[in-house]
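Right, one structure below, let's go through it.
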2 protein chains.
Amino acid sequence: METFFNPGSVAVIGASNSPFNLGATICRALNEISSWDGAVFAVNRKAETVHGCPGYAAVTDIPETVDLAVIITPARVVPQFVQQCADKGIRHVIIESSGFSESGEEGRSMQRMIDETARKSGMRIMGPNCLGVLNTRNQFCCFYGIQADDFNTFAQESGNVSYIIQSGGIVVIVLESFTTDVVRANKIVSIGNKSDIDEADMLEYFSRDDSTEVIGMYLENIKDGRKFIEAARRVTKPILAFKVGRTSEGARAAMSHTAGMANNDRIFESACAQGGIIRVNSISELHAMPKMFTHMPPLRGKRIAVFTNSGAFGGITADLLVQAGLEMARLSPETQEKLSRTGQIFNVANPIDLGPALSMQTFLEIFDILLSSDEVDGLLPVPSLWHPMVIDAIVELVKKCRHYGKPAAIYTPNAVHKTVSYRQKYQVPLFESPEEAVRALKVSYQQSCFVAMKDAIRSVYDMERNGEHRVAEPMLQEA
Amino acid sequence: METFFNPGSVAVIGASNSPFNLGATICRALNEISSWDGAVFAVNRKAETVHGCPGYAAVTDIPETVDLAVIITPARVVPQFVQQCADKGIRHVIIESSGFSESGEEGRSMQRMIDETARKSGMRIMGPNCLGVLNTRNQFCCFYGIQADDFNTFAQESGNVSYIIQSGGIVVIVLESFTTDVVRANKIVSIGNKSDIDEADMLEYFSRDDSTEVIGMYLENIKDGRKFIEAARRVTKPILAFKVGRTSEGARAAMSHTAGMANNDRIFESACAQGGIIRVNSISELHAMPKMFTHMPPLRGKRIAVFTNSGAFGGITADLLVQAGLEMARLSPETQEKLSRTGQIFNVANPIDLGPALSMQTFLEIFDILLSSDEVDGLLPVPSLWHPMVIDAIVELVKKCRHYGKPAAIYTPNAVHKTVSYRQKYQVPLFESPEEAVRALKVSYQQSCFVAMKDAIRSVYDMERNGEHRVAEPMLQEA
């Protein structure tokens with residue numbers, strides 16, 4: 001699998017100098033924009049050089065070793081090029097062309113031909129009907145149509161979140177959103193119709209990939225439920241998954257897009273419970289939630305302390321926390337007394353009303369009191385950014401969360417464009433709404449439960465393997 | 001009520017030149033920042049002039065007529081100033097000070113004294129514990145603490161959305177969000193503890209206010225359910241209401257904030273159904289939804305046509321529409337045939353997959369086909385902004401929606417900071433997420449149902465008044 005992300009040489013099949021040629025955009029990205037330094041060959045009828053990549057009329061004409069082939073030709077000629085790849089001994093092929101099982105019987109029959117060739121030659125195939133791969137570590141990118149500006153914005157900084165995404169349109173939103181966030185992408189793979197490589201294979205790869213801390217998934221269907229659950233169970237990194245097709249209309253639309261079977265959504269729901277996968281509710285959660293894992297310790301209990309300068313947000317967040325199944329921490333008289341002694345607080349019961357203005361010193365004291373209290377598992381701070389000092393206080397809060405091993409999901413009550421610009425400028429993990437902050441606490445808690453249960457299952461299996469006892473397969477779900 | 005928004009002269013009681021004096025910020029806003037041209041008097045112990053506003057030691061010392069008094073002193077001296085206002089013959093008083101019924105028995109007793117004075121003198125009181133009034137039409141603003149930059153950003157342009165907001169913190173988010181949106185505020189009133197003037201009074205005022213098209217409300221409680229429902233029933237303008245206290249924790253937090261009784265949330269839910277009020281689910285919906293009413297015709301049926309360049313969003317929006325109780329329009333073979341004839345479309349069944357690129361002409365043809373079809377009540381367009389032409393197409397779409405009398409809730413699949421900046425720059429009514437676009441269609445449909453039913457109720461009452469028959473009180477709810 002590593003070769004898909006880190007090939008030494010690539011053939012772009014279908015890259016030519018015709019106007020609007022999509023293969024040419026891949027040659028340009030690899031040879032002229034990216035700093036990736038492998039060899040790129042273009043395959044086209046006229047054997048013409050494309051953006052400096054030497055051209056050949058057939059894959060088998062390329063005189064050097066080719067690690068990876070990217071095919072982006074009309075569907076009808078794809079089977080013959082896959083055969084050429086097999087003849088050339090290429091073991092890794094990405095088919096970006098569409099027009100296969102998502103579009104009728106003819107497409108399905110071509111897909112069967114390709115599968116046959118692949119099986120015979122031991123070749124692994126990604127796609128068809130996909131966008132391919134982006135690896136920010138080595139700048140390797142075979143997305144078609146990518147512009148220099150976008151590439152430089154998206155791929156220049158490397159992060160720790162990897163994605164398995166069944167649709168190209170979602171890749172753009174995720175990468176664009178990261179430009180104003182505190183996290184960055186590590187590797188992204190768009191798996192399309194997944195005739196061979198599927199979400200379970202990619203889960204397994206990312207679970208072993210050292211630079212991946214969090215795994216995000218956008219799925220339109222599940223290829224093999226059993227394989228998917230088993231792969232997910234072995235992953236202790238957080239897995240965030242969004243799936244379309246909650247309704248029959250959504251499932252119908254997804255089928256026409258990436259050709260999957262219309263899985264019953266309950267099967268996916270159950271797979272998430274059994275595999276320890278966090279199901280997210282929107283595309284924006286796919287890029288908004290990872291920072292809760294990369295920038296904060298896990299939430300290990302349900303008791304949340306809220307503090308705010310704006311009384312309204314005390315009530316709003318209390319509602320949201322309870323609706324999410326979390327709890328408002330009950331602060332003892334001793335803790336409330338300690339808070340009172342900081343001298344400036346309006347209301348020391350949770351939600352704590354800080355009043356209009358605090359000093360840095362008071363903020364730090366409040367952080368210490370709450371984070372060190374065994375009545376509190378995590379924080380939901382809603383400080384108003386009325387003074388630059390508040391940003392400094394947030395920076396200190398992030399450090400203190402690490403110190404005490406408890407998380408904070410921070411929301412500042414501003415219009416979203418302000419929140420986004422503060423987050424980008426000061427690189428603090430701000431959420432964009434109270435709803436998003438509460439979801440971050442919830443998914444962090446869910447992940448803590450999953451990790452504990454995955455550990456328990458492992459030890460049950462270990463016992464079973466040692467003949468200690470035989471048990472029914474446990475079901476993962478939240479406490 | 002008009003005097004609160006359009007006074008000829010104002011006394012700011014508690015405005016002095018002491019450092020951090022909040023009353024002084026009101027004098028500054030009225031006399032130095034705003035273009036409002038009424039007279040402003042400062043009342044303080046030393047009778048000193050504040051930001052150019054002549055000072056007096058008592059309200060009764062002011063030699064001229066005073067239309068409105070704004071009191072922003074410590075709570076304990078508020079009752080005596082209310083008495084002075086009564087003696088001076090002032091009929092309109094805004095009490096911004098906190099420390100009344102929201103903070104214990106002493107506060108409640110002071111509030112009773114004030115209420116007594118007001119009743120005897122026929123004075124109307126707004127507050128206490130509030131931020132007062134902003135009227136963008138005449139630039140009158142008695143919010144304390146407002147900075148020149150903010151004032152100029154928020155109040156310079158006048159719009160058609162008026163708000164009744166029980167908490168100052170929410171006012172800031174709404175106004176800040178409007179700076180990047182296509183709508184603007186008309187009047188905003190923060191009613192605080194509402195010892196006298198309440199949400200029902202304000203509903204009635206805004207329903208008669210010509211420059212108000214949409215009414216937004218942020219509430220922590222309802223003062224008088226019956227009065228509220230009856231006022232709402234007489235309003236045919238859209239009313240969007242957010243209320244905290246869905247859970248007992250939220251209600252408890254709200255009580256400590258603005259002193260309301262903890263209403264059972266079901267009572268509010270029922271009041272919304274009976275009064276024809278759209279209950280929104282988040283603060284952001286309070287400022288995001290109004291553009292659906294100001295910029296689009298109403299949605300009169302449930303059948304929505306989706307079109308997108310990104311197949312993924314076909315499935316995502318189909319799920320959301322069905323979950324919201326709307327329907328995916330079924331396009332007849334004739335309509336699909338018309339769409340096919342535009343020549344470039346991947347999938348002509350709803351959700352329509354436009355494929356990667358379209359000409360302006362094709363966009364216009366698609367708009368006409370869908371908007372003129374009697375199979376379609378409204379549109380959910382998700383076009384990718386890959387070219388500036390797409391913005392021009394959106395501008396044309398807004399015009400065509402008006403022409404055909406059917407709405408579109410437009411979402412472009414981008415990171416939120418890009419969407420917000422496109423919306424601001426090109427002044428097109430873009431929503432920030434597919435969830436928000438679907439909510440906009442839903443609330444538009446809800447409002448159509450409410451209007452129809454309010455009309456029906458009115459005619460039932462008319463019949464009853466004419467002795468035609470006697471009926472049980474009808475309950476407003478969605479079809």
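Annotations
- Qualifying positions in segment A:10-21 - open to solvent by less than 10 Å² (accessible area, probe 1.4 Å) and either among the acidic types (D, E) or within 15 Å of A:G52 (Cβ to Cβ) (or both): A:V10, A:A11, A:V12, A:A15
- Test result for A:G325, in contact (Cβ under 8 Å) with a residue 60 or more places away in the chain, more than 10 Å from chain B (Cβ to nearest Cβ) and open to solvent by 10 Å² or more (accessible area, probe 1.4 Å): yes
- Test: residue in segment B:293-306 that is touching a Ser or Thr at 6+ places or on another chain (Cβ under 6 Å) and open to solvent by 30 Å² or more (accessible area, probe 1.4 Å): yes
- The residue list B:I352, B:I316 contains one member that is under 14 Å from B:A437 (Cα atoms) and modelled with pLDDT of 90 or more, which is B:I316.
- Condition check for B:I304: β-branched (V, I, T) and more than 13 Å from chain A (Cβ to nearest Cβ): no
- One residue alone among B:S270, B:S332, B:S282 is among the hydroxyl-bearing types (S, T, Y), over 30 Å from A:A305 (Cα atoms), modelled with pLDDT of 95 or more and surrounded by fewer than 21 Cβ atoms within 10 Å (Cβ to Cβ), and that residue is B:S332.
- Residue list for segment B:167-176, filter: surrounded by 22 or more Cβ atoms within 10 Å (Cβ to Cβ) and not aliphatic (A, V, I, L, M): B:S167, B:G169
- B:K399 vs. criteria touching a residue at least 24 places away in the same chain (Cβ under 8 Å), charged (D, E, K, R) and away from chain A (no Cβ under 12 Å): no
- Any hit, segment B:342-360, residues being open to solvent by less than 10 Å² (accessible area, probe 1.4 Å), more than 25 Å from A:S98 (Cα to Cα) and in contact with a Pro (Cβ under 8 Å, 6 or more places away or on another chain): no
The rows are residues; the columns are (1) among the aliphatic types (A, V, I, L, M); (2) modelled with pLDDT of 95 or more; (3) touching a Gly at 6+ places or on another chain (Cβ under 9 Å).
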{"position": "A:S190", "(1), (2), (3)": "no, no, yes"}
{"position": "A:F206", "(1), (2), (3)": "no, yes, no"}
{"position": "A:D224", "(1), (2), (3)": "no, no, no"}
{"position": "A:K237", "(1), (2), (3)": "no, yes, no"}
{"position": "A:R266", "(1), (2), (3)": "no, no, no"}
{"position": "A:P290", "(1), (2), (3)": "no, yes, yes"}
{"position": "A:R303", "(1), (2), (3)": "no, yes, yes"}
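- Residue within segment B:111-122 that is at pLDDT below 90, closer than 18 Å to B:K194 by Cα and open to solvent by less than 10 Å² (accessible area, probe 1.4 Å) present: no
- Filter result for B:L371 (open to solvent by less than 10 Å² (accessible area, probe 1.4 Å), more than 22 Å from B:T180 (Cβ to Cβ) and touching a strand residue (DSSP E or B) at 6+ places or on another chain (Cβ under 6 Å)): no
- Residue ID - farthest from the other protein chains (Cβ to nearest Cβ), chosen from residues in segment A:307-318 that are open to solvent by less than 10 Å² (accessible area, probe 1.4 Å) and not small (G, A, S): A:F307
- When each of B:D377, B:D392 is tested for being more than 14 Å from chain A (Cβ to nearest Cβ), over 27 Å from B:K302 (Cα atoms), charged (D, E, K, R) and touching a helix residue (DSSP H, G or I) at 6+ places or on another chain (Cβ under 9 Å), the lone residue that passes is B:D392.
- A search for C-beta distances below 6 Å between a residue of segment A:418-433 that is more than 10 Å from chain B (Cβ to nearest Cβ) and any residue that is among the aromatic types (F, W, Y), counting only pairs 6+ apart in sequence or on different chains, returns A:F431/A:Y411.
- Residue in segment B:120-133 that is more than 14 Å from chain A (Cβ to nearest Cβ), over 16 Å from B:I71 (Cα atoms) and in contact with a Gly (Cβ under 9 Å, 6 or more places away or on another chain) present: yes
- Condition check for A:V77: under 14 Å from A:G23 (Cβ atoms), out of contact with any Ser or Thr (no Cβ under 8 Å at 6 or more places or on another chain) and surrounded by fewer than 16 Cβ atoms within 10 Å (Cβ to Cβ): yes
- Residues that are surrounded by 15 or more Cβ atoms within 10 Å (Cβ to Cβ) and free of Cβ contacts under 8 Å to residues at least 60 places away in the same chain, drawn from segment A:374-391: A:L385, A:V390, A:I391
- Scanning segment A:221-256 for residues that are within 14 Å of chain B (Cβ to nearest Cβ), open to solvent by 10 Å² or more (accessible area, probe 1.4 Å) and of a type in the set (D, E, K, R) gives A:R246, A:E249, A:R252.
- Residue selected from segment A:187-211 under the condition out of contact with any Lys or Arg (no Cβ under 7 Å at 6 or more places or on another chain) and of a type in the set (S, T, N, Q), by the criterion surrounded by the fewest Cβ atoms within 10 Å (Cβ to Cβ): A:S195
- In segment B:375-388, the residues that are modelled with pLDDT of 95 or more and farther than 16 Å from B:T419 by Cβ: B:E375, B:V376, B:D377, B:G378, B:L379
The values are calculated or read from the model by the stated rules, or taken from the named source; none is laboratory data. Note that the structure is a prediction, hence the values are computed from the model and not measured. A quick note on method: Cβ atoms are made from the backbone with ideal geometry, for glycine too, and the neighbour counts reach across all protein chains shown. Side chains included, ligands, DNA and RNA excluded: accessible areas come from the protein's heavy atoms. Shrake-Rupley method; radii C 1.70, N 1.55, O 1.52, S 1.80 Å.
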